Amino acid sequence: MRGLLISWEGLDRVGKTTQLMRVARWLEEEVGELLTVREPGGTPFGEAVRDVLLHQVEAGSNLAEFLAFAAARAELMEMVVLPALSRGAVVLMDRFIDSSVAYQAFGRGVDLDLVQNVNRAVTHDRVPDLTIWLRGEPFGGQGPDWLERRQAEYFQRVESGYAWLSRKEPTRWFIVNSRQDPDVIFEILQTRIRSILPAKGGSPT
Ligand code: TMP
């Protein structure tokens, strides 16, 4: 079984996680097995990497920062996400491979081919069936951790990374304007996700 993998992307604080949780509550009634995970995180090692990256030490090297995100991703895929997908689960991922392309390659200048090659290796080539991009205004300079305190030009580069990715794979990407009423956003998401859900009782193809 292939399961169904839906990733969620967007700049910090566009309401991504709030909408994801709302969709998860709805999907719990609709699908057999549902799994919600965040990146970095989702395993004890991944959560430790998250704590280091977001709260303890800012990496001096952009490459080191990327490889730390990738290490957490490798473990999450191998131990949690790929096994769940092979059971036919629907998996919602709060950030995934595209965050590294947008934040580390476009945002921090890490070599794009390297980021994509490592992404392919750590995911065993599993790409999302759908990627939801909650698109909002770049912001900078505020926030609880230093990743969020980086400057506005950085977030503009990240945003241009998302735009580049979505142009490359328009069928995978679903772009939603985050400046709409949250109830409207939720309905838009429900309609799109319903169109790819397996029939009740069946497994995702
Ligand atoms: P979150 O606040 O959405 O949970 O994400 C954590 C931060 O980590 C956010 O600022 C984006 C950043 N991040 C990257 O820079 N690269 C990555 O590959 C991932 C997964 C997150």
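Some points to look at:
- Neighbourhood net charge (13 Å Cβ-Cβ; Lys/Arg +1, Asp/Glu -1) for VAL110: -1
- Helix-only mean residue ellipticity at 222 nm for the chain, each DSSP H run of n ≥ 4 adding -39500 (n - 2.57), per residue, nearest 500: -12500 deg cm²/dmol
- For the options SER195, SER99, SER178, a Gaussian network treatment of the chain with springs between C-alpha atoms closer than 10 Å singles out SER195 as fluctuating the most.
Each reported figure results from applying straightforward, stated rules to the coordinates on display, with no laboratory input. Since the model is a prediction, treat every value here as computed from it, not as a measurement. Methodologically, a virtual Cβ is constructed for each residue, glycine included, from the backbone with ideal geometry; neighbour enumeration extends over all protein chains shown.
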